[in-house]
Amino acid sequence: MPSLEEILIQSNDMPWRAKSLKGVHEKMLWRDDATGASVALIKFEKGASIPTPHLHASNQMMFCLSGHYEYTKTGVTLKPGSFYCNPKGNVHGPTLAHEETVVVEIYDGPHYPVRPDWYDNDEDAR
């Protein structure tokens, strides 16, 4: 396994990259291409949503920096200071951003077992 190197990223200097799912943007802070693990800032515009239930190929963790983001089927709600941990293989969603929301999203491996149909390219699903 390659060793990590010390890095410092000024995320305020990075542009948001629009994903192919309307209203969703990211700033990729770190990714291990060998394992698929990653750390990113994700911004959901008000009204943006993940439209269907889905699962991940690894553990997903999110820390909410701002906004109001809800898993509509279960009522699980992220607000500033909320930490959410979703284990590998757990079906969850759909979701809705009730207001513009920014989260730190961490995966300890690849994001999806297969690309979800709401993305039109592989880059958005990794």
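None of the figures in this text is laboratory data; all of them are computed from the coordinates on show. Since we're looking at a predicted model, the values are computed, not measured. Glycine gets a Cβ as well: all are built from the backbone with ideal geometry, and neighbour counts include every protein chain shown.
With r defined as the distance between the Cβ atoms of SER11 and ARG126 and R0 fixed at 22 Å, what FRET efficiency is calculated, to the nearest 0.05?
0.70
Of the cross-linked pairs LYS43/LYS79; LYS19/LYS88; LYS46/LYS79; LYS22/LYS43; LYS19/LYS46, which ones have a Cα-Cα span greater than 21 Å in the structure shown?
Cα-Cα > 21 Å for LYS19/LYS88; rest within.
Mind sorting VAL104, VAL114, VAL76, VAL24 by how few other Cβ atoms lie within 10 Å of their own Cβ, fewest first?
Ascending number of Cβ neighbours within 10 Å: VAL114, VAL76, VAL104, VAL24.
Can you list residues whose amide H is under 5 Å from ALA37's amide H, if they're 5+ apart or on another chain and H is modeled 1.01 Å from N?
Residues meeting the amide H criterion: ASP32, GLY109.
Amide H to amide H, which residues 5 or more places from GLU99 or on other chains are under 5 Å from it, using H placed in the peptide plane?
Amide H neighbours of GLU99, under 5 Å, 5+ apart: GLY47, HIS68.
With an 8 Å cut-off on Cα pairs and a minimum separation of 6 or more residues, tell me the relative contact order of the chain in percent.
With pairs under 8 Å counted, the relative contact order is 29 percent.
Quick check on segment 35-125: what are the equivalent-ellipsoid semi-axes from the Cα gyration tensor, as sqrt(5λ), descending, whole Å?
Over the Cα atoms of segment 35-125, the ellipsoid semi-axes are 19, 15, 13 Å.
Give me the dipole magnitude in Debye, nearest 20, for the chain about the Cα centre, with unit charges on the beta carbon: positive for Lys and Arg, negative for Asp and Glu.
Roughly 400 debye for the chain.
Going by how many other Cβ atoms sit within 10 Å of their own, how do SER3, SER11, SER49 line up, fewest first?
Listing SER3, SER11, SER49 from fewest to most nearby Cβ atoms yields SER3, SER11, SER49.
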